[in-house]
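**Q** Submitted below is the structure of interest, expressed as structure tokens.
Laboratory data are not the source of any read-out in this text; all were calculated from the coordinates shown. None of these values were measured; they are calculated from a predicted model. All Cβ positions, even for glycine, are placed from backbone atoms using ideal geometry, and neighbour counts span all protein chains on display.
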Amino acid sequence: MSTPEWDGIAALAAAGFPVDALTDEQLAVFGSLSQEELTLLVDLKARLDEVAPDVQAHGAVAGGALF
């Protein structure tokens, strides 16, 4: 469960997720995730970015929105 002071969308933006490109529906899905789920997404993105070429890391898209 998320803590009230934790802003998951801001955390995703800080981690490099293209939150400005997400639809309202996609933001609602991300907004409904727990802090633990969003932390896991941020961790997974960081790991993938570490092993991907620079150009691919910035252009990779999963499900139309994730990376």
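**Q** Could you work out how far apart the two model spin labels at Ala13 and Gln26 are, taking each label as a point 7 Å from the Cα in the direction of the beta carbon, and quote it in nm?
**A** Output for this residue pair reads 1.5 nm.
**Q** What is segment 8-59 by shape, rounded, prolate or oblate, if you read a ≥ b ≥ c off the alpha carbon gyration tensor as root eigenvalues and call it rounded for a/c under 1.5, prolate for a/b larger than b/c, and oblate otherwise? Kindly include the intermediate steps, with their values, before the conclusion.
**A** Values: a/c = 2.67, a/b = 1.49, b/c = 1.79.
Because a/c hits 1.5 or more and a/b fails to exceed b/c, segment 8-59 counts as oblate.
**Q** To continue, here is another question. Return Glu37, Glu50 ranked ascending by Cβ neighbour count within 10 Å, so the fewest neighbours appear first.
**A** On the way: Glu37 13, Glu50 8.
Fewest-to-most Cβ neighbours within 10 Å comes out as Glu50, Glu37.
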